[in-house]
Amino acid sequence: MFKPVATEKAVKMIEFQNVITLEFSRERKKENIKKEIEESFKVKVDKIRSMIKGNKKICYIKLDKKNPAIDVATKIGIM
């Protein structure tokens, strides 16, 4: 499972870059994350960038242009 990141930077990325920022456990692989996001929200993921911070993995998930990130953000309660 994941936890949404709702910082000011994350909200700007949703609006201007079509990127959702989510927090996962450190053990999760990018392939599994991509599959989970695509199946859960019925969207196409273009790219995933990740950063390890402590015992957590922060993932920046860039969505396809046809799938607005703001719609996903609304579903998970960021916006």
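The values are calculated or read from the model by the stated rules, or taken from the named source; none is laboratory data. Treat the numbers as computed from the prediction; the structure is a model and nothing was measured. Cβ sites come from the backbone with ideal geometry, for glycine too, and all protein chains shown count toward neighbours.
Every test in (1) outside any helix (DSSP H, G or I); (2) without any contact (Cβ under 8 Å) to a residue 24 or more places away in the chain is passed by E39 save one, and that test is (1).
Is it fair to say I52 is touching a Leu at 6+ places or on another chain (Cβ under 9 Å) and modelled with pLDDT of 95 or more? No; evaluated as a whole, the condition is false for this residue.
Among the residues of the range 52-70, are any part of a helix (DSSP H, G or I) and either of a type in the set (A, V, I, L, M) or surrounded by 14 or more Cβ atoms within 10 Å (Cβ to Cβ) (or both)?
Yes, that holds for at least one residue.
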